[in-house]
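This report refers to the structure that appears directly beneath it.
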Amino acid sequence: MAAPLRQIYDQMLEPKWVIAMGACASSGGMFNNYAIVQSVDKIVPVDIYVPGCPPRPEQLVEGIVRLHEAVRAGVPPAYDVRSVAT
């Protein structure tokens, strides 16, 4: 799913904010095979990581609140801070 994810990300309007939810999206989880990309930040720049497998609702809310705080504080999106392989 890396190619469709990158295509959707490229079609997003700026500013682009990305939240990686769960262990599989953040690090590949416990699976290491040809179908799972180890770490989504190799595909798109990630602003907030929400841990858990699956993440609990309060963890997701905290991630959204932290992203909101970063946006209000003027922190640039992850794609401005670092480059990602295309």
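Each value in this text was obtained by applying a stated rule to the coordinates, not by laboratory testing. Values in this document were obtained by computation on a predicted structure and should not be read as measured data. Every residue, glycine as well, gets a Cβ built from its backbone with ideal geometry; the counts of neighbours run over all protein chains shown.
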**Prompt:** When the Karplus curve 6.51 cos²θ - 1.76 cosθ + 1.60 is applied with θ = phi - 60°, which whole-Hz ³J(HN,Hα) does each residue of the stretch 39-46 get, with x for Gly and Pro?
**Reply:** 5, 5, 6, 7, 9, 9, x, 10
**Request:** Tell me the label-point distance for the pair Met12, Tyr34, using the 7 Å Cα-to-Cβ offset, in nm and rounded to one decimal.
**Result:** 3.0 nm
**Fill in**
Relative contact order in percent for the chain (Cα pairs under 8 Å, 6+ apart) equals 31 percent
**Complete:** Helix-only [θ] at 222 nm, the chain, -39500 (n - 2.57) per DSSP H run of 4+, per residue, nearest 500, equals -12000 deg cm²/dmol
**Fill in**
Computed over all unlike Cα pairs, the Kirkwood hydrodynamic radius of the chain in Å stands at 13.6 Å
